[in-house]
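A short write-up of the structure that comes next.
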Amino acid sequence: MPPKKASAGAVASKGRAMRDEAAPDYLGHRERLRDRFHEAPDALPDYELLEMLLGFTIPRRDTKPLAKDLLRRFGSLGEVLASSKEQLSEADLSDTTVALLKSVRVAASRLARAPVEKRNALSSMDAVINYCTVAMAYEPVEQFRVLFLDRKNALIRDEAQQKGTVDHTPVYPREVVKRALELSASAVIIVHNHPSGDPTPSAADIDMTRQVQEACQKLGLVLHDHVVIGRGKHASFRTLGLL
C-alpha cells in the first residue's frame with residue numbers, strides 16, 4: 001500500500017517546530033522582555049531597556065552583550081543617550097541605531113519640557129529643573145542655557161547660548177541681555193551644567209552671575225535664578241542666597 005500523505009495540519013505543525021528549533025534563543029528572550037516591559041516598564045534595569053531599544057534596529061543579533069558593553073563604555077544609560085553621533089559610531093553602532101538612541105533622548109527632553117511651556121516658571125521650578133536635568137545633566141562639556149520669560153514669568157524661549165570645555169563655559173552678559181530684548185523678555189533664568197556631576201557653584205560661576213545680574217538691572221530685566229545642574233543634583237543661586 002502506498003504511504004499515507006500527511007495532513008495539511010501536520011505539515012504546518014512540523015514546519016513550525018522546525019522553525020522554532022532553528023530560531024536563535026535570543027528571539028524568545030526578546031519577546032519575553034517586551035512582555036515584561038509592557039507589564040512594568042519601570043521594573044527593567046537600564047541594560048535591559050537599552051537591550052530592547054537596540055533590538056529594534058539590530059534584528060539578527062543578541063543585543064544584551066552590546067547593551068552591557070555600551071553601559072561600561074559610557075558609564076550610564078543617560079550618558080549613552082547623551083553621547084555624540086561620533087562617539088556612538090566609534091562603538092560600532094550603525095547610523096540607524098545612533099538615530100534611534102538620539103531620538104529617544106530628544107523625545108525625553110521634549111516630554112520634560114512640556115510642563116514648563118506657557119506656565120509660570122517660578123511656580124513650577126521643579127518642572128524647570130527636571131527639564132534642564134534631562135537636557136543637560138549628561139552633557140560631556142559645560143553648556144550655558146537661558147530661559148527667557150515674559151511679564152507673567154511664562155517661558156518665551158529656551159536657548160543654548162554657549163558650549164565650553166569640561167569645566168568652563170564663556171558667558172557674555174551683553175549677549176544674554178541683547179537676546180532678551182530681541183525676544184521682548186522681562187526676566188531670565190540662566191542654567192549651566194557641571195559635567196563633573198557636582199553642582200556646587202565655583203567662584204567663576206558666582207562672578208559670572210554677578211555680571212549677568214548687573215547687565216540685566218541696567219536695562220530693567222530681572223535675573224530670577226541661576227541653576228547649576230549636576231548628576232541627579234542641582235544648586236540654585238536663589239536658594240543659596242547668592243542672588
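Throughout, read-outs are computed from the coordinates displayed, never taken from laboratory work. Computed from a prediction, not measured in an experiment: that's the story for all the values here. Neighbour counts are summed over all protein chains in view; Cβ atoms, including those assigned to glycine, are modelled from backbone coordinates with ideal geometry.
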Checklist entry - Considering the dipole of segment 100-243 built from charges on the beta carbon (Lys and Arg +1, Asp and Glu -1) around the Cα centre, which of Leu240, Cys132, Pro173 is farthest to its positive end? => result Cys132
Checklist outcome for this item: Cα-Cα longer than 25 Å, checked against Lys102/Lys178; Lys152/Lys178; Lys102/Lys233; Lys68/Lys102; Lys64/Lys102, kept in input order, equals Lys102/Lys178
Checklist entry - What does the charge count near Ser184 come to, summing +1 for each Lys or Arg and -1 for each Asp or Glu among other residues with Cβ under 13 Å from its Cβ? => result +3
Checklist entry - Among Val222, Val212, which comes first, then next, by fewest other beta-carbon atoms within 10 Å? => result Val222, Val212
Next on the checklist: Using the basic label-point model (7 angstrom from Cα toward the beta carbon), what is the Ile206 to Ala99 distance in nanometres?
Outcome noted: 4.9 nm
Next on the checklist: Between Ser184 and Arg60, what is 0.36 nm times their sequence separation minus the Cα-Cα distance? Round to one decimal in nm.
Outcome noted: 39.3 nm
Next on the checklist: What distance in nm lies between label points placed 7 Å from Cα along the C-beta direction at Leu219 and Asn130?
Outcome noted: 3.3 nm
Next on the checklist: Check which residues have an amide H placed less than 5 Å from Gly75's amide H, if you skip close sequence neighbours.
Outcome noted: none
Item to check | Nitroxide proxy distance, nm - points 7 Å out along Cα→Cβ at Arg119 and Ser196 | outcome: 3.3 nm
Next on the checklist: Quick check on the exposure proxy: order Ile190, Ile58 from fewest to most C-beta atoms within 10 angstrom.
Outcome noted: Ile58, Ile190
Checklist outcome for this item: With a ≥ b ≥ c from the Cα gyration tensor eigenvalues, square-rooted, and the rule rounded for a/c under 1.5, otherwise prolate when a/b > b/c and oblate otherwise, segment 72-161 is prolate
Checklist outcome for this item: Summed over the other residues with a beta carbon less than 15 angstrom from that of Asp46, with K and R at +1 and D and E at -1, the charge totals +2
Checklist entry - For Gln87, what charge total do you get from the other residues with a beta carbon under 10 Å from its beta carbon, if Lys and Arg give +1 and Asp and Glu give -1? => result -1
Next on the checklist: Please give the charge dipole size of segment 125-217, origin at the Cα centre, charges +1 on K and R Cβ atoms and -1 on D and E Cβ atoms. Round to the nearest 20 debye.
Outcome noted: 380 debye
